Amino acid sequence: MEKFRKEIRAGIYAYLVLSFLKKEKTHGYALRKALENISGGKFVPSESTLYGILRTLERYNLIKGEWMEVGGRVRRYYEITKTGEEVLEELREEIELMRKVLEDNF
């Protein structure tokens with residue numbers, strides 16, 4: 001059952017990462033802090049989970065990453081791709097439909 005819960009959470013994290021990257025290009029640590037901040041610390045992926053999600057999203061060409069030096073630190077910055085924006089929009093529509101079904105029926 002725990003594996004199933006992890007898979008569900010990973011999907012939710014992937015959606016949140018795409019949503020955040022639609023707003024701004026950033027690095028993994030900043031993404032993790034943003035998720036922590038918006039959830040009041042209740043919805044924070046582990047570093048390994050987050051970086052696994054970033055690798056998966058990059059493999060599917062939903063985001064792209066590039067190494068950049070900012071403030072003397074070299075970090076991998078990620079941004080959403082056109083394909084990622086299209087997938088995000090489809091996911092938003094599906095989530096809205098699920099929300100409506102749940103509210104109307106359960």
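Annotations
- When only Cα pairs below 8 angstrom with a gap of at least 6 residues are kept, the chain shows a relative contact order of 28 percent.
- Look at the dipole of the chain built from charges on Cβ: of GLY84, MET98, TYR29, the Cα furthest out on the positive end belongs to TYR29.
- Given +1 at the Cβ of Lys and Arg, -1 at the Cβ of Asp and Glu and no other charges, the dipole of the stretch 42-106 around its Cα centre is 440 debye to the nearest 20.
- Listed peptides 85-91, 68-74 appear in the order 85-91, 68-74 once ranked by packing, highest mean of other Cβ atoms within 10 Å at the front.
- Computed [θ] at 222 nm, helices only, for the chain once each DSSP H run of length n ≥ 4 contributes -39500 (n - 2.57): -22500 deg cm²/dmol
- Straight-distance crosslink candidates among lysines, where the alpha carbon sits under 20 Å from LYS22 and sequence neighbours closer than 8 are dropped: LYS33, LYS64, LYS82
- Inter-label distance for GLU86 and SER48, nm, one decimal - labels placed 7 Å from Cα along Cα-to-Cβ: 3.5
- Cα-only Debye scattering, the chain: base-10 log of I(q)/I(0) at q = 0.16, 0.17 Å⁻¹: -0.76, -0.85
- Averaged over its residues, the chain has an accessible area of 70 Å² per residue, based on protein heavy atoms and a 1.4 Å probe.
- Here the stretch 3-86 has 52 percent of its accessible surface on carbon and sulfur atoms, given a 1.4 Å probe and all protein chains in place.
The values are calculated or read from the model by the stated rules, or taken from the named source; none is laboratory data. Because the structure is a prediction, the values reported are computed rather than measured. As a convention, Cβ positions derive from the backbone with ideal geometry for all residues, glycine included, and neighbour counts pool all protein chains shown. Quick note on the areas: whole protein, heavy atoms, side chains included, nothing else; ligands and nucleic acids left out. Shrake-Rupley method; radii C 1.70, N 1.55, O 1.52, S 1.80 Å.
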